[in-house]
Amino acid sequence: MAGQFEIFTDAEANVRFRLLGADGTVLAISKAFEDKRAAAEGITAVRECAGTGLIKEARSNAWGGTGTTRAGLPKPAHRRHRHIPAV
């Protein structure tokens, strides 16, 4: 069985959708939408771009560290994010 989208109303009365895996695991939760129609349009947008979307590795220091490399050297200013093609 394939995964599925589920539209729901959250605790703050916002309409959202979640993407469920085949085993029922929640894989993603959307932003808040004004109504069910807007949430359905969001699902359509995810369906259209998910199959062709690139995987991007974000290299940020989410824990507020010093911004140095593992060796303790400053990060080069020219470093860019790598794009990995979808499989």
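No lab work stands behind these numbers, since they all come straight from the coordinates. From a predicted model like this one, the values you see are computed outputs, not experimental measurements. Note: ideal-geometry Cβ built from the backbone for every residue, glycine included; neighbour counts use all protein chains shown.
Going 7 Å from the Cα of Ala45 toward and past its Cβ, which residues in the stretch 11-28 have a backbone nitrogen under 14 Å from where you end up? Within reach of a label on Ala45: 16-17. When only the Cβ of Lys, Arg, Asp and Glu is charged (+1, +1, -1, -1), the dipole of the stretch 4-55 relative to its Cα centre reaches about 80 debye. For a modelled paramagnetic label at Ala58, 7 Å from Cα along Cα-to-Cβ, the residues of the stretch 1-37 in reach, with backbone nitrogen under 16 Å, are 28-31.
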